[in-house]
Amino acid sequence: MRVAVVGGGISGLAAAHRLRLLLGPAAEITVVERSDRLGGKLRTEQVAGLRYDVGAEAFLHRRTEAAELVVELGLGGHVVHPTGAPSTIRAAGAIRPIPAHTLMGVPASVEAVRAVLSAEGLRRVAAEPDLPPIDLAGRDVAVGALLRERFGPEVADRLVGPLLGGVYAGRTDVLGLRATMPSLATALDSGVGSLLAAAATTMPAPPQPRVPRPPVFGTLDVGLSALVDALSTRARIRLGLPVRRLVRRERDWRLEIGSATAPEFLDVDGVVLAVPAPAARKLLADIAPKASVRLGEVELASMAVVALALPPGTELPERSGVLLAEGERYADGTPFSAKAFTFSSRKWAHLAGGPALVRGSVGRHGDVRVLQRDDEDLVAAVRADLAELTGITAAPIDVLVTRWGGGLPQYGVGHLDLVRDVEDAVEDVPGLALAGATLHGVGIPACIATGDAAAARVAAHVLGRVRG
């Protein structure tokens, strides 16, 4: 039994792990990755001598896939949770705590956003239930358009925009409601006529007195690359080899990999494609043309992470970080370059006590200008932003710039229909499955779930052939 996994990010590695469990130790499982390292957006680097995540920094703990996989791989003892330092938003020139009792910034009550909105913004929120009831009639809509129609501009600009921008590096005017806020869309579909009421119906019950709240996020105190390292033992790994062509033959598959002038060929019984949409589109052009066309409609956002290690003793703000609303400016009118800062030594206890670690995130969908700066200019811009926000001007003792070109798929209007079309087209191709952030979520647990599902589909095909 031979299976190829194309793509060595967390989705592909999770698929390889699950294939090993389903097919057994004798199966030949090969992961082919075009870059020189595994992990995709999971990357732990040395910054001032500390292991520091410069891609994804945490996983949603109350969604089970990542937490269970960590335990399964023997890493459960390394799971840690945030300290509880508050998260904040910089909007309308002021930094305020992210309000509770909101769904990704959509308020469930007027009181929830009283400290963030102007008097006019609060009036619009209070009046929203009196507007004609929302009837989506099964349609998808842009998040920003719906928010502005119902609440005016402030909820979108000051709350939802920064929060969705932190997840997708996207803009509310592009992102679709059904893929990014499915619970809100479900409430509206059920007949709840107002956004305020729909958000209220999705809110979890308040915690019982003296009952601790379960953690929302988790990470590994040795860095998330430890998860990559553990998964890499489940398969044969081939690095630095692009897959140039995927050919379906009568009884198996052939992958053409490596250079165009001296290609290698890998013959397998099944294939998991766990690559970004542009790469999947090219490989599926002849095999599943309908899927290929739809994947070509997925837009991508690029971003960069600037890691700063400040001298020990540098006082960071008493908060875990700050998200910046789009269009925020310095007191003198200079626009900010960063879209978010994480004060990692405040957010994670295992990073406290030494150099003060800060990461600045730069880049939103469609904004390529800021990312065209070289590393030195990007570091200078992020340091200037940090000084404006916090007053910290200390020179870093170490810096690291990590660029994620095309790193985040944009879940635009109609994304769920797009994914359904892609998966339906691939369903007709025996022995092939897709995984990755393009499909059902950009977070680590969602990516693991797609890898598990793809592995199950391909394993069923391979085992069916063997038993047949």
Checklist entry - What is the list of residues in the stretch 1-40 whose amide nitrogen lies under 12 Å from a point 7 angstrom out from the Cα of LEU73, following Cα to Cβ? => result 9-18, 38-40
Item to check | Chain lengthening between GLU299 and ARG251 when straightened (0.36 nm per residue, less Cα-Cα) | outcome: 13.8 nm
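When a/c reaches 1.5 or more, the comparison of a/b and b/c decides; with that in mind, is the stretch 82-233 rounded, prolate or oblate per its Cα gyration tensor? Each step should come with its number before you reach the end.
On the way: a/c = 1.72, a/b = 1.51, b/c = 1.14.
Cα axes put the stretch 82-233 in the prolate bin.
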Checklist entry - What are the residues whose amide H is under 5 Å from the amide H of ARG245, where those residues sit 5 or more places off or on another chain and H is modelled from the backbone? => result GLU256
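How fast does the chain diffuse by Stokes-Einstein, in µm²/s, taking the Kirkwood radius from C-alpha pairs at 4 °C and 1.567 mPa s? Let's see the in-between values first.
Working: Rh = 23.5 Å.
Translational D for this selection: 55 µm²/s.
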Item to check | MRE, 222 nm, helices only [DSSP H, n ≥ 4, -39500 (n - 2.57), over the chain, to nearest 500] | outcome: -9500 deg cm²/dmol
Checklist entry - What FRET efficiency, computed as 1/(1 + (r/R0)^6) with R0 = 41 Å and r the Cβ-Cβ distance, is obtained for ALA384 and ASP267, rounded to the nearest 0.05? => result 0.15
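I'd like to verify something in the chain: which complete DSSP H helices, judged by Cα projection on the helix axis, reach 20 Å or more and average at least 0.0 on the Kyte-Doolittle scale?
Working: long enough: 375-390 (22 Å, 0.27); 444-467 (34 Å, 0.79).
Helix filter hits for the chain: 375-390, 444-467.
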Checklist outcome for this item: Amide H contacts under 5 Å for GLY436, restricted to residues at least 5 apart in sequence or on another chain and with H modeled in the peptide plane, are THR450, GLY451
Next on the checklist: Give me MET203, MET181 sorted ascending by neighbouring Cβ count inside 10 Å, so fewest comes first.
Outcome noted: MET203, MET181
Checklist outcome for this item: Residue by residue through the stretch 403-414, the couplings from Karplus 6.51 cos²θ - 1.76 cosθ + 1.60 with θ = phi - 60°, in Hz, x for Gly and Pro, are 9, 10, x, x, x, 10, x, 9, 8, x, 4, x
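For the stretch 303-365, state which trypsin sites (Lys or Arg not before Pro) are in a DSSP loop and have at most 12 other beta carbons lying within 10 Å of their beta carbon.
Values: sites: ARG319, ARG329, LYS339, ARG346, LYS347, ARG359, ARG364; in loops: ARG319, ARG364.
Sites meeting the loop and neighbour criteria: none at all.
To the nearest 0.05, how large is the calculated FRET efficiency for ASP375 and VAL429 if R₀ is 60 Å and r is the Cβ-Cβ distance? Can you show the working numbers first?
Numbers: r = 42 Å, r/R0 = 0.71.
Approximately 0.90, to the nearest 0.05.
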Checklist outcome for this item: The alpha-carbon center of the stretch 335-379 and that of the stretch 112-129 are separated, in whole Å, by 31
Checklist entry - HN-Hα J couplings of the stretch 297-303 from phi, Karplus 6.51/-1.76/1.60, θ = phi - 60°, integer Hz, Gly and Pro as x? => result 8, 6, 8, 10, 10, 9, 7
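How much of the DSSP beta bridge set in the stretch 223-351 is antiparallel, as a percent to the nearest 5? Don't skip to the answer; put the middle values down first.
Details: 15 of 15 bridges.
About 100 percent, rounded to the nearest 5.
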Item to check | Taking TYR330, TYR411, TYR52, TYR168 and counting other C-beta atoms within 10 Å, the order from fewest to most | outcome: TYR330, TYR168, TYR52, TYR411
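Of LYS41/LYS347; LYS282/LYS347; LYS41/LYS339, which pairs sit farther than 29 Å apart, going by alpha carbon to alpha carbon? Before the final figure, lay out each step's value.
Numbers: LYS41/LYS347 20 Å; LYS282/LYS347 41 Å; LYS41/LYS339 18 Å.
Over 29 Å Cα-Cα: LYS282/LYS347.
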Next on the checklist: Please list, short to long, the whole-number percent of alpha-carbon pairs of the stretch 1-94 in consecutive 10 angstrom bins beginning at zero.
Outcome noted: 12, 33, 33, 15, 6, 2, 0
Checklist entry - HN-Hα J couplings of the stretch 362-367 from phi, Karplus 6.51/-1.76/1.60, θ = phi - 60°, integer Hz, Gly and Pro as x? => result 10, x, 10, 3, x, 9
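Which order, highest average first, do 232-242, 268-278 follow once you tally other Cβ atoms within 10 Å for each residue and take the mean per peptide?
On the way: 232-242: 16.3, 268-278: 25.4.
By packing density, highest mean first, the sequence is 268-278, 232-242.
How big is D, in µm² s⁻¹, for the stretch 323-468 by Stokes-Einstein at 10 °C and 1.306 mPa s if Rh is the Kirkwood radius over C-alpha pairs? Each step should come with its number before you reach the end.
Numbers: Rh = 19.0 Å.
Answer from the Stokes-Einstein relation: 83 µm²/s.
If you take every DSSP beta bridge fully contained in the chain, what fraction is antiparallel? Give it as a percent rounded to 5. Mind showing how you got there, number by number?
Details: 52 of 73 bridges.
Of those bridges, close to 70 percent are antiparallel.
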Checklist entry - Can you work out D for the stretch 184-328 in µm² s⁻¹ from Stokes-Einstein, where Rh is the Kirkwood radius over C-alpha pairs, the temperature is 25 °C and the viscosity is 0.890 mPa s? => result 112
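Every number here is computed from the coordinates shown, using simple stated rules; none is lab data. This is a predicted model, so every value here is computed, not measured. All Cβ positions, even for glycine, are placed from backbone atoms using ideal geometry, and neighbour counts span all protein chains on display.
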